[in-house]
Amino acid sequence: MTLTKTALRKVHRYLALVLAVLWLSQALTGLVMVFRWELDDASIAGDAMPLDPAALEQRITALEAEQPGHEVYQLYTSGSAAGRFDLYVRNPDGETDLVRVAGDGTVLRAQPYGRDFAEAGLIQAAAFLHQTLFAGDTGKWIIGVSGLLLLTSLVLGAVLAWPRARQWRATLWPRAMRPGAGRLYAWHRAVGLWLLLPAAVLVTAGVLMTFEEAVESALGLDVAPSELEAAPPVTGRAVGLAQALDTALRRFPGSELSGVAMPSPERPWYRVRVRQPGEWRRAYGTTVVYVSAASGDVILEQDALAAPPARRFVASLYPIHTGEAAGLPGRLVSLGVGLWLLTMLGLGLTLWSSRRRRSRATVDAGPAVQATAGLNATISDPKSNAGQAKAGSI
């Protein structure tokens, strides 16, 4: 058993040493992500206006007319203030700009998207670092694997730190100890147990999100609906955005617009996402209405509140990862988990550094001092039987 715990402790330690920088970056950017929409919207002057589908369509038409070769291919709510939307504008070089507009089409800001982060701003840079490491799909894969390893480290930490019966109180709040490795270990262990469960849940949801396509494929959710394959092409004047939005919002009274994917020759329909009351997501609802760009008829609707369990499971990953499934308290828990991870990494690295310094000093001091240091370490190290009696930390 002792040999097994020694091996587990080494794996736990070296995972943190190897991946510390990546985990630190994820924790720091994750703190920004919890309230990124509010932070972003707060920096923009101008009032939020109620959605006016006709005015929004006119603004899109004007933007495309003013810049030949530019195309608005999708739009999404800003995520914070109701009545603000980001238009995704693709230029002839294939690059994208974000144009934030109010619900009445008034332009509030324009900035590059996915590039020129000095101009795009800290919030967007933090989002891309958190989600892709600025490396596209490869970065997402790296983040997914690092998340699996973080989850492994959490499980190992739980196995190593789990107290015996009647020792929970002393473990979760260590009593006063002398400065040194023993005290660092006691607090590393205690803090690790405080938020272990919510951290494991949030990390698991984040890992599944990075491999969402594989998860959907495994659950059989990657098959294109036959209704979309049979959608008629646009042969004359296409149905306008305003009509498509009115149609979709009427299908779900009381819902709010989340986003729209504009039609294309390959996909002759509007994919309108709305958020119904009762959905876990705070802004980006997963209720979808497909409106034909040829006729204005509803081709298909996917009600998030009546979705099959597999679809609801996938849709729940994001609100669980961000904590918004539980409203503001859940988001604060997510913020707390980010701070917790930073604290755990700080305590763990400080503990490792302290033990390395002590080990080097003992080696340099000679055999006699090594023997004395070994006895002192046994007394002060909470992992030893003698240390349990003296330090009282386990």
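Part of a helix (DSSP H, G or I), of a type in the set (Gly, Ala, Ser) and either modelled with pLDDT under 95 or surrounded by fewer than 19 Cβ atoms within 10 Å (Cβ to Cβ) (or both) - does that describe any residue in the stretch 375-382? Within the stretch 375-382, one or more residues are part of a helix (DSSP H, G or I), of a type in the set (Gly, Ala, Ser) and either modelled with pLDDT under 95 or surrounded by fewer than 19 Cβ atoms within 10 Å (Cβ to Cβ) (or both). Cβ-Cβ contacts under 8 Å between residues 6 or more apart (or on different chains), taken from a first residue in the stretch 282-296 that is more than 15 Å from Ser255 (Cα to Cα) to a second residue that is modelled with pLDDT of 95 or more and basic (Lys, Arg), are listed as Tyr290/Arg271. Got at least one residue in the stretch 211-224 being assigned to a loop (DSSP other than H, G, I, E, B), modelled with pLDDT under 95 and among the acidic types (Asp, Glu)? Yes, that holds for at least one residue. Which of the residues belonging to the stretch 219-261 are in contact (Cβ under 8 Å) with a residue 24 or more places away in the chain and basic (Lys, Arg)? Arg251 - this is the single residue of the stretch 219-261 that is in contact (Cβ under 8 Å) with a residue 24 or more places away in the chain and basic (Lys, Arg). Scanning the stretch 1-41 for residues that are surrounded by 15 or more Cβ atoms within 10 Å (Cβ to Cβ) and among the basic types (Lys, Arg) returns Arg9, Arg13, Arg36. Against the criterion of being under 30 Å from Gly336 (Cβ atoms), not β-branched (Val, Ile, Thr) and not assigned by TED's automatic domain parsing to the domain that holds Glu71, Leu219 does not qualify. Where helices (runs of 4 or more DSSP H) sit wholly within the stretch 119-201, those with at least 2 residues that are under 14 Å from the mean Cα position of the chain (by Cα) and modelled with pLDDT of 95 or more occupy 122-132, 136-161. Scanning the stretch 225-243 for residues that are within 31 Å of the chain's Cα centre (by Cα) and not in a loop (DSSP other than H, G, I, E, B) yields Leu228, Leu241.
How about the stretch 80-98: which of its residues are under 13 Å from Asp41 (Cα atoms) and aliphatic (A, V, I, L, M)? Residues satisfying the conditions are Ala81, Ala82. Do the conditions hold for Leu129, that is, is it surrounded by fewer than 17 Cβ atoms within 10 Å (Cβ to Cβ), of a type in the set (A, V, I, L, M) and touching a residue at least 40 places away in the same chain (Cβ under 8 Å)? Taking the combined requirement at face value, the residue does not satisfy it.
Would it be correct to say that Ala45 is small (Gly, Ala, Ser) and modelled with pLDDT under 95? Yes, satisfied. Looking only at the stretch 158-169, residues that are crowded, with 16+ Cβ neighbours inside 10 Å and either in contact with a strand residue (DSSP E or B) (Cβ under 6 Å, 6 or more places away or on another chain) or more than 21 Å from Arg355 (Cα to Cα) (or both) come to 1 in all. The condition of being in the same structural domain as Ala205 (by TED's automatic domain parsing), surrounded by 13 or more Cβ atoms within 10 Å (Cβ to Cβ) and touching a residue at least 60 places away in the same chain (Cβ under 8 Å) holds for only one of Leu172, Leu150, that being Leu150. Just one of the listed residues (Pro53, Pro68) is of a type outside the set (A, V, I, L, M) and modelled with pLDDT of 95 or more, and it is Pro53. Restricting Leu17, Leu22 to residues that are more than 15 Å from Leu75 (Cβ to Cβ), touching a Ser or Thr at 6+ places or on another chain (Cβ under 6 Å) and in the same structural domain as Leu345 (by TED's automatic domain parsing) narrows the list to Leu22.
The values are calculated or read from the model by the stated rules, or taken from the named source; none is laboratory data. Keep in mind it's a predicted model, so treat the numbers as computed, not measured. As a convention, Cβ positions derive from the backbone with ideal geometry for all residues, glycine included, and neighbour counts pool all protein chains shown.
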